[in-house]
């Protein structure tokens, strides 16, 4: 991995175990890391924890409720008031719910956090990512996603508003959605010096993401899962390594490219999801 001295990184979901491990790794390589949490207090608690492992880490808190577009826009404005560019963006936020909830803005919570936040955070920060990017020294976007099997996105019911709501109905399509957004951002940013990739971290112990789901899912994850530090290896490799500087639009696990079967290789599905997100956000990013 290459040193990141003088580089600026922002990590969403940094109060979760994978996000915290990625933030710590970026700080260890010398980056200034903006730690995004639901509150400044939560971000500062993670920063104190990181500094026990990385003394002198250059960390900044940023409060944001990633389920709310208004909060995302406010957080981006705050980031811009402090920094003139962004070199590494890691989208690691996520929720897994067994019951349907709507945000104050009227969007289903899982879709709003797992898909819309990835679209809106990345889109709003495009100018910052492009500002000093080049082929030799690219800016990098890493989206934590997942292998998705035979899942398809229900474009006629993106927010799981009909039928019986369940974790298995709502969450897997959002993981596919992250892969599709990764591919579409990569295609739109080709030649700008910004590379965009997705990572399947696998099962990770004690993330807290399955706290609400519970039952066998949480037991399997905590029994068979890897540590957050091991899960963070591929995101950090994509964020820092010279050998990944030209890689974009791919899904990775264990530093190896994964196939994106089914809808994950459908350009029309990419465009449909992009258009849906653009409509909900009121922004079609270029």
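All of the numbers you see were taken from the coordinates with simple rules; none came from a lab. In this text, all values refer to a predicted model and were calculated from it rather than measured experimentally. With ideal geometry, Cβ positions are generated from the backbone for all residues, glycine too; neighbour counts draw on all protein chains shown.
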_Distance between the C-alpha centers of segment 95-124 and segment 127-170? Whole Å please._
11 Å
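Add -39500 (n - 2.57) for each DSSP H run of 4 or more in the chain, then divide by its residues: what number comes out at 222 nm, to the nearest 500 deg cm²/dmol? Don't skip to the answer; put the middle values down first.
Values: 10 runs with 113 residues, N = 286.
Result for the chain: -12000 deg cm²/dmol, rounded to the nearest 500.
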_Cα-projected label distance for residue 3 with residue 265, points at 7 Å along beta-carbon direction, nm_ = 4.2 nm
*Label residue 132 and residue 80 with points 7 Å out from Cα along Cα→Cβ: what is the distance between them in nm?*
1.8 nm
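What list do you get for 241, 139 if you sort them by fewest beta carbons within 10 Å?
Values: 241 14, 139 26.
The fewest-first ordering by Cβ neighbours comes to 241, 139.
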*Compute the FRET efficiency between residue 150 and residue 192 as 1/(1 + (r/R0)^6), taking r as their Cβ-Cβ distance and R0 = 45 Å, and round to the nearest 0.05.*
0.85
*Could you work out how far apart the two model spin labels at residue 104 and residue 230 are, taking each label as a point 7 Å from the Cα in the direction of the beta carbon, and quote it in nm?*
4.1 nm
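Mind sorting 146, 134 by how few other Cβ atoms lie within 10 Å of their own Cβ, fewest first? Could the numbers behind the result be given before it?
On the way: 146 21, 134 12.
By the 10 Å Cβ count, ascending, the order reads 134, 146.
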*Express in whole angstrom the spacing between the alpha-carbon centres of segment 17-81 and segment 244-286.*
25 Å
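Ranked by Cβ crowding within 10 angstrom, fewest neighbours first, how are 165, 148 ordered? Provide the component values of the computation, followed by the final result.
Numbers: 165 17, 148 24.
Sorted ascending by nearby Cβ count, the order is 165, 148.
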*asked:* Applying a 10 Å radius around every beta-carbon, put 46-57, 89-100 in order of their mean neighbour count, most first.
replied: 89-100, 46-57
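For segment 42-129, rounded, prolate or oblate, judged on the Cα gyration tensor with a ≥ b ≥ c (square roots of eigenvalues), a/c < 1.5 rounded, else prolate if a/b > b/c? Intermediate values should be presented prior to the final figure.
Numbers: a/c = 2.27, a/b = 1.38, b/c = 1.64.
Oblate is the answer for segment 42-129, as a/c is 1.5 or above yet b/c matches or exceeds a/b.
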*Of the listed values (i) 50, 40, 37; (ii) 67, 52, 34; (iii) 54, 35, 35, grab the one calculated as Cα extents along the principal axes in Å from the structure here.*
(i)
*So if R0 is 35 Å, what FRET efficiency would residue 38 and residue 164 give, r being the distance between their Cβ atoms, rounded to the nearest 0.05?*
0.75
